[in-house]
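A.B. asks: Below: one structure in structure tokens.
The values are calculated or read from the model by the stated rules, or taken from the named source; none is laboratory data. The model shown is predicted, which means the values in this text are computed figures rather than measured ones. Reconstructed Cβ throughout: ideal geometry from the backbone, glycine too, with neighbour counts over all protein chains shown. Please note that ligands, DNA and RNA were not included when accessible areas were found on the heavy atoms of the full protein model with its side chains. Shrake-Rupley method; radii C 1.70, N 1.55, O 1.52, S 1.80 Å.
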Amino acid sequence: MCRPSARRALAALAALATLTGMASCGPAGAAGTKPTTLTFWGWAPGYQEATAQFNSTHPRVHVEFRKISPGSQGGYAAMQTAVKDGTAPCLIQMGYESLPSFVAEGALLPISQGVVGERVQYSESAWQQTSVAGEVYGFPVDLGPMALYYRRDVYAQYGLKPEATWQDFAADAARLRQAAPERHLTAFTADDPWWFTALTAQAGGSWFDVKGHTWKVNTTNPNATKVTAYWQSLLDKDLVKAEKAYSDDLFTDLQNGTVAAVPAPAWFSGLLTQKAAGAAGLWGVAPMPRWSAGDASTGFDGGSATALVKGCRESEAALEFANWFGRDRKSLEILVDKAGIYPAAITADTLPALNRPDPYFGDQVIFDVFRNARSSTDWSWGPVMNETSAALSTELTKAVANHTPLRTALETVRDRTVEAMRGKGIDIAAN
């Protein structure tokens with residue numbers, strides 16, 4: 001017999017049943033019958049352990065987890081192939097940045113009505129990133145809120161202040177270069193597209209808009225141009241150091257203080273702890289510099305949802321699992337511990353792992369900063385983000401190496417994105 005919450009979810013999805021072949025509510029898992037079995041594809045650490053926890057407490061449903069390559073490294077391609085040949089799983093880990101691309105391909109099931117009763121359990125900014133054209137396509141799992149990681153010792157030595165506007169940050173960059181020519185305040189990692197989109201999102205410079213099935217692309221709108229102009233100025237004046245993202249050179253500079261600060265997401269704390277271990281106790285975390293005083297907006301770098309795949313025949317069980325996975329405390333404890341995520345569920349704020357002083361950061365409770373950084377933005381992901389991100393990484397890297405304008409790089413990114421969208425038959429509105 002169906003549980004009340006499951007009946008509500010199925011009622012919301014009933015209109016899709018004839019198109020997707022989803023099963024109606026049945027006796028799966030009842031006495032004398034086998035449990036409903038689902039397959040879940042994902043790649044993040046902790047996912048298998050969290051899935052096993054679900055299975056141990058939900059005898060009516062059994063979820064088989066299959067570890068695949070990270071999405072951009074082959075997992076998404078495997079999923080697209082599986083959808084076409086009818087062998088796709090019911091559930092998949094889906095990065096927010098790639099979700100609209102799969103929606104445009106018709107590979108994911110809309111679940112808006114099935115999540116109505118659960119929306120208040122998650123950050124609204126997470127729902128924004130699981131939605132396309134007003135329709136929800138996945139239960140949120142985590143977010144990548146940005147903050148400023150900074151060297152307490154360097155800031156103290158040179159009289160710098162981490163909680164500042166971007167204008168103050170630029171002034172500090174100039175002050176540090178003058179006082180200590182061997183140092184830079186921060187790095188510009190041109191090859192990391194998600195870092196740059198996070199900075200752009202914070203400024204409200206959304207590149208994409210969709211109405212119905214028609215998309216609009218504008219990578220050089222005023223707010224986006226504000227970001228490129230800012231970093232262009234810092235690069236031109238040699239106030240930031242061009243670095244390769246997550247490289248040994250970057251972490252060496254972070255460890256010895258040659259680079260004294262870096263805007264980065266919550267999960268970066270784990271990388272910093274491991275790759276700059278010699279700087280333990282010297283780092284702190286502060287809110288991102290703001291574009292204007294009192295503006296609490298921040299960008300997001302990373303985060304994913306649990307999405308239902310086209311052809312899933314067990315929607316009741318799939319919705320139950322997806323919601324449990326993203327907000328059950330035992331699930332989140334595993335994911336915070338194993339994957340270093342910052343959960344999208346609002347009840348996660350009380351998890352011990354998120355309220356523990358961190359010795360590496362001078363016993364600061366760093367997640368207090370990220371908790372307050374979860375303001376919503378107007379950022380929307382586009383429908384061909386694999387192509388967009390590849391172009392962004394290539395063109396920004398070339399611009400920095402050749403000392404050509406970042407704005408021109410963004411214009412090329414727009415053109416390549418539009419070309420890729422047209423190649424897939426996606427409707428594009430004139431700018």
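A.B. asks: Please report the base-10 log of the normalised intensity I(q)/I(0) for the stretch 277-332, using a Debye sum with one equal scatterer per alpha carbon and no solvent, at each q in 0.14, 0.30 (1/Å).
C.D. replies: -0.73, -1.15
A.B. asks: Can you give me the accessible area per residue for the chain, using a 1.4 Å probe, in Å²?
C.D. replies: 41 Å²
A.B. asks: Straight distance only, please: which lysines reach the Cα of Lys216 with their own Cα at less than 30 Å, same-chain residues fewer than 8 apart left out?
C.D. replies: Excluding near neighbours in sequence, the set is Lys84, Lys226, Lys310, Lys398, Lys424.
A.B. asks: Leaving ligands, DNA and RNA out of it, report the carbon-plus-sulfur percent of the accessible area of the stretch 126-208 at a 1.4 Å probe.
C.D. replies: Carbon and sulfur together cover 47 percent of it.
A.B. asks: State the percentage of accessible surface on the stretch 273-346 attributable to carbon and sulfur atoms; use a 1.4 Å probe and exclude ligands, DNA and RNA.
C.D. replies: C and S atoms contribute 47 percent here.
A.B. asks: A further question follows. Sequence gap at least 6, Cα distance under 8 Å: using those rules, report the relative contact order of the chain to the nearest whole percent.
C.D. replies: Worked out over the chain, it gives 26 percent.
A.B. asks: In terms of Cα to Cα distance under 23 Å, which lysines are near enough to Lys330, apart from those fewer than 8 places away along the same chain?
C.D. replies: Hits, sequence-local ones excluded: Lys67, Lys338.
A.B. asks: Ok, one more. Based on DSSP H runs of at least 4 residues, each adding -39500 (n - 2.57), what is the mean residue ellipticity at 222 nm of the chain after dividing by all its residues, to the nearest 500 deg cm²/dmol?
C.D. replies: Theoretical 222 nm ellipticity from helices: -12000 deg cm²/dmol.
A.B. asks: A follow-up question, please. From the square roots a ≥ b ≥ c of the eigenvalues of the alpha-carbon gyration tensor of the stretch 284-431, which class results: rounded (a/c under 1.5), prolate (a/b over b/c), or oblate?
C.D. replies: Cα axes put the stretch 284-431 in the oblate bin.
A.B. asks: Oh, and also: On the full set of protein chains, 1.4 Å probe, figure out the accessible area of Asp153 and give it in Å² to the nearest 10.
C.D. replies: 60 Å²
A.B. asks: Does a label point 7 Å from the Cα of Asn402, set along Cα-to-beta-carbon, have any residues of the stretch 168-192 with amide nitrogen under 16 Å, and which are they?
C.D. replies: Within reach of a label on Asn402, which here means backbone N under 16 Å from a point 7 Å along Cα→Cβ, the stretch 168-192 contributes 191.
A.B. asks: Continuing with the same structure: Rg/Rh for the stretch 317-380 to two decimals, with Rh computed the Kirkwood way over all alpha-carbon pairs.
C.D. replies: In the stretch 317-380, Rg relative to Rh is 1.03.
A.B. asks: Right, here's the next one. Given the options Lys211, Lys67, Lys330, which has the most mean-square fluctuation in a GNM of the chain, springs set between C-alpha atoms less than 10 angstrom apart?
C.D. replies: Lys211
A.B. asks: How many percent of Cα pairs in the stretch 46-99 exceed 18 Å?
C.D. replies: 41 percent
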